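Below is one structure, written out as C-alpha cells; comments come after it.
The values are calculated or read from the model by the stated rules, or taken from the named source; none is laboratory data. Note that the structure is predicted; figures quoted are calculated from it, not measured. Positions of Cβ are backbone-derived with ideal geometry, glycine not excepted, and every protein chain shown enters the neighbour counts. To get the accessible areas, we keep the full protein, side chains included, count just its heavy atoms, and leave off ligands, DNA and RNA. Shrake-Rupley method; radii C 1.70, N 1.55, O 1.52, S 1.80 Å.
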Amino acid sequence: MDCKKYDKIVDQLRSLEMDEIVISQGEIYEDYVLKNCTRHNVHSISKFVTALCAGIAIEQGYFKNGLDELILDYFEDIQINNSFNIKILKKARLRHLLTLTLGHDQRLLDSEEIRSLGSRNLAEYVLNYPMKYDAGNYFIYTSAPFYLLSVMMSKATSQSLLEFANKYLFAKLEITDVDWRTSKNGYNLGCTGLEIRGKDLHKLGKLMLEDGKYRGNEVISKEWIKEMRKVQVMSPAYYDEKRVLPKYGYGYGLWICKNGIYFCDGTDGQYIIVVPKKKMIVTTVGKQKDMVPITEGIRSILLD
C-alpha cells in the first residue's frame, strides 16, 4: 500500500470533527493528528476492553467456572423484586453479558441514562428492569451487561476494573495515560467512559490482529482472542449491507462482518477496525456525530 494513498484519504477527512487517525499495515504505521492527540472518551469501545480484561481474569482463575460463572453469585447484596427476572437471572451466566443476551429487550445505561439515574445503584436498576427473554435467546446492543461485568470483575479480583486493566493489559502494551469513569457506586463503568489516546487504542487493535501478542510477548491467549472475534450471536436487526461495515454478528465486545473484518465503535467517531486479510488496522477518535462519513471516507483502503 502506497502511504500517499493514506495521506489523500486523511486529507479528505479533515473537514470532519476528527482528532486522530492511525493506520497500520504490515510495517507501515501512520499516525495523523488532525486536531489533538489527547485522551478521548471512546464510549462503547470500552465494552471491547472490558471483554479483553474478562478473558485475562478467566485465564488467571478469578472466575472458577469461566464463561459459565453464575451472575447472581456476585449480586447477593441486591434485592430483586421482579419474580420473572429472578427466574431468568438464576440461569444467567458470564457469557450472556459478553454477548449482550442477558434477557432485556430495551437498551439500558447509555451515557444520558447513567447521568439521569444520578446516585442510584446501577446494578440494582438493571437487575430489576423488566426482562422478556431467557438469557442467551435475544441480542440487543445495550450497555447494561458490561456494567454488570465490571462489577463482577471488581468483586472477583478485589480491585477495580481499571486497576486490573492497568496491571494485566495496559502496562503490557506500554499504555500509561488512561482513565476510566466510575458510577456513583464506585465501579468503573465498563460499558463506556474509558479515556485513552488514539495511538494507544490502536495497540489494542494490534493485539487482536497478532493473536494476543504485543512485541512478540503474549498478553492474552490466542484462544480467547479467537473467541472474541468469532460470531457468538447473530445480529440481523443491526445488519445493513449498504454500510461499509455491515454488522453481521457479534463476538465478545466486537462486531463481525461477513468478509472477515471485525471492529468496535463508539459514539462521536471512535473506531478500531481490523482487516485481517490485509493485516491492516484503522483507528479513529474524534467528536464526529454522524459517523457514516468516516467509514465512507476510508472505504477504499478497507475494501479495495
Selected residue (criterion: least open to solvent (accessible area, probe 1.4 Å)) from residues of segment 52-68 that are on the phi < 0 side of the Ramachandran plot and not hydrophobic (A, V, I, L, M, F, W, C) = G55
Check every one of the helices (runs of 4 or more DSSP H) wholly within segment 99-167 and list those with 2 or more residues that are at negative phi, touching a helix residue (DSSP H, G or I) at 6+ places or on another chain (Cβ under 8 Å) and among the aromatic types (F, W, Y).
-> 144-157
Segment 95-112, residues that are more than 10 Å from A135 (Cβ to Cβ) and open to solvent by 20 Å² or more (accessible area, probe 1.4 Å) | D105, Q106, R107, D110, S111, E112
Could you tell me whether L209 is more than 30 Å from D77 (Cβ to Cβ), in contact with a strand residue (DSSP E or B) (Cβ under 8 Å, 6 or more places away or on another chain) and open to solvent by 10 Å² or more (accessible area, probe 1.4 Å)?
-> yes
Report, by residue number, each residue of segment 280-293 that is surrounded by fewer than 23 Cβ atoms within 10 Å (Cβ to Cβ) and either of a type in the set (V, I, T) or not in a loop (DSSP other than H, G, I, E, B) (or both).
-> M280, V292, P293
Going through segment 214-232 one residue at a time, which ones are crowded, with 17+ Cβ neighbours inside 10 Å and part of a strand (DSSP E or B)?
-> Y214
Every listed condition ((1) surrounded by 15 or more Cβ atoms within 10 Å (Cβ to Cβ); (2) within 22 Å of L13 (Cα to Cα); (3) among the aliphatic types (A, V, I, L, M)) holds for L303 save (1)
Subset of segment 124-150 (residues that are crowded, with 24+ Cβ neighbours inside 10 Å and out of contact with any strand residue (DSSP E or B) (no Cβ under 7 Å at 6 or more places or on another chain)) | L127, S143, A144, P145, F146, Y147, L148, L149
Restricting to segment 10-42, what's the tally of residues that are over 24 Å from K277 (Cβ atoms) and out of contact with any Ser or Thr (no Cβ under 9 Å at 6 or more places or on another chain)?
-> 13
Of all residues in segment 168-185, count the ones that are within 20 Å of V42 (Cα to Cα), of a type outside the set (D, E, K, R) and part of a loop (DSSP other than H, G, I, E, B).
-> 3
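Considering only segment 69-89, state which residues are open to solvent by 30 Å² or more (accessible area, probe 1.4 Å), under 27 Å from M228 (Cβ atoms) and not in a helix (DSSP H, G or I).
Once the filter is applied, which keeps residues that are open to solvent by 30 Å² or more (accessible area, probe 1.4 Å), under 27 Å from M228 (Cβ atoms) and not in a helix (DSSP H, G or I), segment 69-89 yields only L70.
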Scan segment 267-276 and give yes if some residue there is assigned to a loop (DSSP other than H, G, I, E, B), on the phi > 0 side of the Ramachandran plot and touching a residue at least 24 places away in the same chain (Cβ under 8 Å), otherwise no.
-> yes
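Every residue in segment 154-192 that is surrounded by fewer than 21 Cβ atoms within 10 Å (Cβ to Cβ) and within 18 Å of T267 (Cβ to Cβ), please.
Correct list: D179, R181.
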Go over the candidates K47, K64 one by one and state the one that is closer than 15 Å to V126 by Cβ, among the basic types (K, R) and either part of a helix (DSSP H, G or I) or without any contact (Cβ under 8 Å) to a residue 24 or more places away in the chain (or both).
-> K47
Limited to segment 20-40, what total is found for residues that are crowded, with 21+ Cβ neighbours inside 10 Å and either out of contact with any helix residue (DSSP H, G or I) (no Cβ under 9 Å at 6 or more places or on another chain) or not β-branched (V, I, T) (or both)?
-> 2
In contact with a Pro (Cβ under 9 Å, 6 or more places away or on another chain) and of a type in the set (D, E, K, R) - does that describe any residue in segment 81-102?
-> no
Does any residue of segment 259-279 turn out to be under 14 Å from the mean Cα position of the chain (by Cα), of a type in the set (V, I, T) and open to solvent by 30 Å² or more (accessible area, probe 1.4 Å)?
-> yes
Going through segment 236-258 one residue at a time, which ones are open to solvent by 10 Å² or more (accessible area, probe 1.4 Å) and assigned to a strand (DSSP E or B)?
-> I256
